[in-house]
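The values are calculated or read from the model by the stated rules, or taken from the named source; none is laboratory data. Here the structure is a predicted model, which means the values were calculated and not measured. Cβ placement follows ideal geometry from the backbone for every residue including glycine, while neighbour counts extend to all protein chains displayed. With ligands, DNA and RNA removed, areas are computed over all heavy atoms of the protein, side chains included. Shrake-Rupley method; radii C 1.70, N 1.55, O 1.52, S 1.80 Å.
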Amino acid sequence: TDRQYWLDQLTPPPPPLELPTDFPRPGFRSFRGATERLVLEGSLSRNLKQASARMGCTLFATLLGAFEVLLYRLTGQSDLVIGIPAAGQAAAPEPDVVGHCVNFLPLRARIDAGVTFRDHAREAKRRVLEAYEHQDCTFGSLLRHLPVTREPGRVPLVEVQFNLERVGGDVRFSGLDTSVDANPKAFVTFDLFLNAVETEDGLVLDCDYNTGLFRRETVSRWLGHYVELLGSVVSGVDGVVSGMRMLGEGERRGLVSLGRGEGVGYWGGSVSGMVERVVVERGGEVAVEAGGEVLTYGELNARANRLARHLRGKGVCRGDRVGVCMDRSLGMVVGLLGVMKAGGAYVPLD
C-alpha cells in the first residue's frame, strides 16, 4: 500500500534538520515569517534546462537535487527530508472538487558526497517519480504511524519544503495592463520553503522563512549559495557533490582575507590582549549586553582580571582546562575571558 511504502522509506526517521539558525530555536514554534526573492539571469535558466536534458532529468529534479546539496553543505547532514507538494484532487472522491487540496510528500534524501551531480540528480528524479506514484497517503495520516518525536518548537519530520511552479503570462485586457506576482508571506508553516517560479523570462526564487530563526541577510546569502551551485551544474554535471562551487568570487576573497587577518582592526596576539587594546581606546563603551544589564569594556576587563587572579590562586596554570557551566549572561562572558586571562582553556559544559 501507499502507507507501507512511506513507512519503509522513513523508518527509522532521520534526525531533525539542524540548519544554522541566527536565533535560538524557541520552545514553542513561531509562525512569523517573510519572503526573500532572487531573480536568476535568463541565460542561467536556459542553461539549466539544457543541462537537465543532457542528464535525462526534469528541471524539477535538477533544482531539487541542487537544493539537497545546499542543505547538506549547510548542515553536514547526509540524511534529510524535504517536503514537496502534490495536488490532492486526484485522491479526492469527487473529481471536480475545488479547494486547496495539497498533500505534502516527505521525500527522503541520502546524499553521497562522492558521486557526481549527474548521478545525484538522476537519483532525485527516481525518488520524485516514486513519491508521486504513492501520493494517496496523506501526510497527517502517515505521521500517526511513524515513530517521530513531537516537539512544540518543530514541525514533525518535514521542516523544509521545495516546489517548482509555472506562472502563466500576464493577462491582457483592452486598455488595461496586468501582471501576476506572488504575495510575500508574513506567516509561515515551515522553517524554510524554497519556491522556484518558472516565468516567461526565466526563474524566480522565492524563499519563505521563519523570522524567529533566520535573519533576512542569512537567507539572502543562502540563495546566493544556491545560485552558485546551479552555476556549478551548468559548468559540469560530472563534478562530485562535495566539490561543487558554493561561494561567489567576492565572498570567497572576503573569507580568504579574514583568514589572513586582513581588515581586522584589533587582530594580533591573544584574545585577552585584543580586549586590553580595546579597553585603552574605548573603555567606556558598552561591550556586552544581556538581560537588560550592560558591561563596558573597562568593567568587563576588570571583572575578568579578578576572576583570572582567583583561578591562578586555585592552581590554574597555562594550558589547563577549566569547565564553564553557565547560561548566556554577562557572567558567562566574564568567565570565558577570565579563564583565558589565567592561561587556561575554557570547556563549555551543556
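In the range 296-350, the alpha-carbon atoms span a convex hull of 60 Å³ per residue.
Over the chain, dividing the summed -39,500 (n - 2.57) contributions of all DSSP H runs of at least 4 residues by the number of residues returns a 222 nm mean residue ellipticity of -12000 deg cm²/dmol.
Rg and Dmax of the chain, both derived from C-alpha coordinates alone, stand at 25.4, 87 Å. Give, to the nearest whole percent, the P(r) tail of the range 1-71 beyond 20 angstrom, counting all Cα pairs. Considering the range 1-71, 61 percent of its Cα-Cα pairs are separated by more than 20 Å.
Sorted largest first, the spans of the alpha carbon positions of the range 157-231 along the three principal axes are 47, 31, 25 Å.
Taken over the range 150-200, the alpha-carbon convex hull comes to 88 cubic angstrom per residue.
Cα-based Rg of the range 1-151 per 2.2 N^0.38 Å, rounded to two decimals? Expressed relative to 2.2 N^0.38 Å, the Cα Rg reads 1.17. Axis angle, to the nearest 10 degrees, between helix 297-313 and the longest C-alpha principal axis of the chain: 70 degrees.
A simple packing score, the average count of other Cβ atoms within 10 Å per residue, orders the peptides 316-322, 60-66, 17-23, 30-36 as 60-66, 30-36, 17-23, 316-322, with the highest score first. Extents of the range 196-260, largest first, come to 41, 36, 21 Å (Cα atoms, principal axes, whole angstrom). Computed over protein heavy atoms with a 1.4 angstrom probe, the accessible surface ordering of ARG282, ARG252, ARG166, largest first, is ARG166, ARG252, ARG282.
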